[in-house]
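The values are calculated or read from the model by the stated rules, or taken from the named source; none is laboratory data. Computed from a prediction, not measured in an experiment: that's the story for all the values here. For neighbour counting, all protein chains shown are included, and Cβ atoms are generated from backbone atoms with ideal geometry for every residue, glycine included.
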Amino acid sequence: MTSLRMLGYDISYQNLKPDPKRLQALFDLPIQSSSKELKARPLLLASHFPIGPKAERAFTELKSDLGKASLGAIQAGVPFELGIDASDNAIAAVLSQGGRPVACMSHTLSHCEKHYPAVEKEATAVIEAVRKWQHFSKDVILLLSLIKKPFRSCLTSATMAR
């Protein structure tokens, strides 16, 4: 198979992967041995060092999975799946096709949006995602995979009311 390395990616027919040379720093990243070495905020809560074998395996698997990750080309006629989520501070969406991500987006909520109820934050995520990727949805069915059950029931009841 022919591939082209360009702008940090290996590009081949219906596949886009990060260039392995670009990922070398990730593969060389050592497991931290003390809280002083930690830079990521969630990890600052770790209180036991060195971390256990289970955490080391998870760290190694994560690095490996990131190195194998690839984005597939968008296939005509295959339905898209839109996954969304919302937190107190942001909304996010992933557009997938055949179980593989083809695009993602996130948006920090404004001061006013932060006061929305959770259901409205998730509705905002759907609206923003559909706006961003409307050019994909012309001839394709969008399947929503929503994380929160209350939002799903609101969307279903609104559809039934039509």
Cβ pairs under 7 Å, 6+ apart, first in the range 116-132 and more than 16 Å from E81 (Cα to Cα) and small (G, A, S), second at pLDDT below 90 and surrounded by fewer than 19 Cβ atoms within 10 Å (Cβ to Cβ):
A118/K148
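State the number of residues belonging to the range 95-124 that are within 30 Å of K17 (Cα to Cα) and not hydrophobic (A, V, I, L, M, F, W, C). Before the answer, list the steps.
Initially, the range 95-124 is screened for residues within 30 Å of K17 (Cα to Cα), giving 95-108.
Still in the running and not hydrophobic (A, V, I, L, M, F, W, C): 96-101, 106-108.
Total meeting the criteria: 9.
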Run A76 past the list (1) exposed (fewer than 11 other Cβ atoms within 10 Å of the Cβ); (2) modelled with pLDDT of 75 or more; (3) under 21 Å from W133 (Cβ atoms) and report the number of the one that doesn't hold.
(2)
Matching residues in the range 85-94 - criterion: being modelled with pLDDT of 90 or more and either touching a Gly at 6+ places or on another chain (Cβ under 8 Å) or not acidic (D, E) (or both)
A86, S87, N89, A90, I91, A92, A93
If you take the residues in the range 95-128 that are β-branched (V, I, T) and out of contact with any Pro (no Cβ under 8 Å at 6 or more places or on another chain), which one is modelled with the lowest pLDDT?
V102
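Can you tell me which residue is modelled with the highest pLDDT among those in the range 26-53 that are outside any loop (DSSP other than H, G, I, E, B) and in contact with a helix residue (DSSP H, G or I) (Cβ under 7 Å, 6 or more places away or on another chain)? Spell out how you get there, then give the answer.
The first filter runs over the range 26-53 and keeps only residues outside any loop (DSSP other than H, G, I, E, B), leaving 26-27, 35-37, 41-45, 53.
Checking the rest, the ones that are also in contact with a helix residue (DSSP H, G or I) (Cβ under 7 Å, 6 or more places away or on another chain) come to 26-27, 35, 44.
Numbers: L26: 79, F27: 82, S35: 62, L44: 53.
It comes out as F27.
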Inside the range 73-94, the number of residues satisfying the requirement of being within 14 Å of the chain's Cα centre (by Cα) and closer than 28 Å to K21 by Cβ is 1
